[in-house]
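The values are calculated or read from the model by the stated rules, or taken from the named source; none is laboratory data. Just so you know, these numbers come straight off a predicted model, no measurement behind them. In this analysis, Cβ positions are derived from the backbone assuming ideal geometry, glycine residues included, and neighbour counts consider all displayed protein chains.
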Amino acid sequence: MHRYCSEVLGATGEFDVLPTIGSKEIVALLPFLLQAKRVLIPEIAYPTYRVGGILAGAEVVEVDIDASTWPVDRVDLAWINSPSNPTGRVHNDAELMAAIEWSRKSGSVLASDECYLSFPDTKQGRSVLSLASGDNKGILSIHSLSKRSNLAGYRGSFIAGDAKLIKQLLEIRKHMGMMVPLPVQLATAAALKDEIHVQQQAERYKKRRAVLRQTLEGLGFKVEFSEAGLYLWCSRGEEDWQTVAWFADRGVLVTPGSFYGNKGARHVRIALTATDEKINEAAKRLSA
């Protein structure tokens, strides 16, 4: 895992790695483990960021990607997510650097959920660890083999970054019985040694995205962001549940954007995780 962080993610300087039981575990538990009282989350975001804050009894504040607008007082933890779930937005280097600088200025922890980093399309994401110039204090990066290597049932993931924070998380978490079984750790290590299967899966997602994007745009949908990851984020200018019903009438299931925050209430998220055959079938149903 250390080799992967250095060679693939571009981490330098002192850092450490902690295996986790799926990335969802650490996303949900991190505010609690850090005893966070105030947590920043993206305004359109994976719901577990908010749930983790609620479980910790913390105040949860929605923010946009511009870290220059984030509060610097009384904040313990901020989440960023690139490529984003649900939008597929890839944050640029300047946006990521601004978040790093915010962490250094505020003294708060910056947690970067990078679970979709392995699946670029029109843009390639970067790990915050590659931009920290070896100063990883206050920075954590979360990765998931569920996405990267299709190992969802294995629950193999890890968190990397600030060695002092990783040690603190290990010391607290082990008392909760959340140790990753050795066979899962070995499977994770084996998967991280191979990039060929990841590149093959990335190409599958690109082709599926192209098929559905062409179909949806031909039907008047506006596809926004969707630059990487596993999803299409689209709208036709109506309330999300109306769009969900339109797809359901054609035998296609999509997720309402309001699941990810109020600002997503006129969008839907479409997953690219079905087989090629199912994706092509869905495109035909929609076109018909």
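Condition check for VAL252 on (1) in contact with a Lys or Arg (Cβ under 7 Å, 6 or more places away or on another chain); (2) aliphatic (A, V, I, L, M); (3) in contact (Cβ under 8 Å) with a residue 40 or more places away in the chain: one failure, at (3).
Quick grid of which residues meet (1) in a helix (DSSP H, G or I); (2) closer than 25 Å to LEU272 by Cβ:
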residue: TYR116; (1), (2): no, yes
residue: LYS123; (1), (2): no, yes
residue: GLY134; (1), (2): no, no
residue: LEU140; (1), (2): no, no
residue: LYS147; (1), (2): yes, yes
residue: PHE158; (1), (2): no, yes
residue: LYS164; (1), (2): yes, no
residue: LYS167; (1), (2): yes, no
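Of the candidates ALA282, ALA248, the single residue that is surrounded by fewer than 16 Cβ atoms within 10 Å (Cβ to Cβ), among the aliphatic types (A, V, I, L, M), assigned by TED's automatic domain parsing to the domain that holds ARG204 and at negative phi is ALA248. Meeting the requirement of 2 or more residues that are modelled with pLDDT under 95 and surrounded by 20 or more Cβ atoms within 10 Å (Cβ to Cβ), the helices (runs of 4 or more DSSP H) wholly within segment 1-104 are 22-33. Note on segment 126-156: residues that are surrounded by fewer than 23 Cβ atoms within 10 Å (Cβ to Cβ) and small (Gly, Ala, Ser) amount to 9. Restricting segment 180-238 to residues that are in a helix (DSSP H, G or I), touching a Cys at 6+ places or on another chain (Cβ under 9 Å) and charged (D, E, K, R) leaves a set whose member that is nearest to LYS147 (Cα to Cα) is ARG213.
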